[in-house]
Amino acid sequence: MEKWKITAYRKQFDELRHEQDGVEYWLARELQPALGYAKWDKFEGAIQRAMISCKTAEIDEDNHFHHYETMSNGGKGAKIPTGDYMLTRYACYLVAQNGDSRKEEIAFAQSYFAVQTRKQELIEERIELIERTEARAKLRESEKRLSQNIYERGVDDEGFGRIRSKGDQALFGGKSTKEMKERLGVKDNRPLADFLPTLTIAAKNLATEMTNYNVEEKDLYGESAITVEHVENNTTVRDMLKQRGIQPENLPAAEDIKKLERKVKREEKLLSKDGMKKDSEK
């Protein structure tokens, strides 16, 4: 595709963009000619297929495809009701994916909306990464403090490992750290917490902070007393989760936090390069 066409198509899609209350959208009737469709019924067919794709992906299509009636000019000045759709970026992407790929406009739109949609997905991934890394850092810090606390109270590194393992067993309904690693497919040399969802990491952190507080407040000494305290705290947190219908051992594994960090950084770099390339084409 010639460079001038790429620039023209991008400018057209950018100019058709609307925004209301911070939400961007495109109107299907305006998008129809931009995507190379002369007849509305043909274009609406692509929209209907896109809505089916949305449902198949288990995404609520009402959040992306809003159908409404407007009035347009008919013969002799009459007003007739005309159907239209407000489409989000994601909806536009699906429409392009379900359109006639032989049309040059559709081929460009597939790329245009795919890049924009991926940027939104990347933002969501970054939010997930930030939430998980913050929770993971808090857990790491609370466990470090617990290790220091119990070391001062007659417990060595091996004892700390046993205390932490007993805590995990209480939180995960009797399943040991090793059993949870096997359940979630975590290698022996990797920390279990790197594969836990944010909720479970936060639960472990809460129990550990409770143990830290009571070890200091009650001046607990020795592995036995501290183990009882840590088990009780993890049991309390587990009971709280169960009351809300959540069983930590049944939650699916989250993506390896190290892998997620690498993926987000890699795709940010690719999108940055793509943006620089597009800027140079303007």
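The values are calculated or read from the model by the stated rules, or taken from the named source; none is laboratory data. Small disclaimer: the values here were computed from a predicted structure and weren't measured. When we count neighbours, we look across all protein chains shown, and the Cβ atoms used for this are built from the backbone with ideal geometry, even at glycine.
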* Sole exception among (1) modelled with pLDDT under 85; (2) part of a loop (DSSP other than H, G, I, E, B) for residue 99, by number -> (1)
* So, of the residues in segment 174-191 that are closer than 16 Å to residue 231 by Cβ and either free of Cβ contacts under 8 Å to residues at least 12 places away in the same chain or of a type in the set (Phe, Trp, Tyr) (or both), which turns out to be surrounded by the fewest Cβ atoms within 10 Å (Cβ to Cβ)? -> 174
* **Of the criteria (1) surrounded by 15 or more Cβ atoms within 10 Å (Cβ to Cβ); (2) touching a residue at least 24 places away in the same chain (Cβ under 8 Å); (3) not β-branched (Val, Ile, Thr), which one residue 5 fails** => (1)
* Please find, within segment 149-173, the residue that is farthest from the chain's Cα centre (by Cα) out of those that are aromatic (Phe, Trp, Tyr) and surrounded by 15 or more Cβ atoms within 10 Å (Cβ to Cβ). => 160
* Of the residues 240, 276, which is modelled with pLDDT of 75 or more, among the hydrophobic types (A, V, I, L, M, F, W, C) and assigned to a helix (DSSP H, G or I)? -> 240
* Filter result for residue 173 (modelled with pLDDT of 90 or more and either hydrophobic (A, V, I, L, M, F, W, C) or more than 18 Å from residue 248 (Cα to Cα) (or both)) -> no
* Taking segment 111-132, which residues are more than 16 Å from residue 10 (Cβ to Cβ), surrounded by 17 or more Cβ atoms within 10 Å (Cβ to Cβ) and at pLDDT 75 or above? -> 132
* Structure fact -> Out of (1) touching a residue at least 24 places away in the same chain (Cβ under 8 Å); (2) under 27 Å from the mean Cα position of the chain (by Cα); (3) part of a helix (DSSP H, G or I), the one residue 146 does not meet is (2)
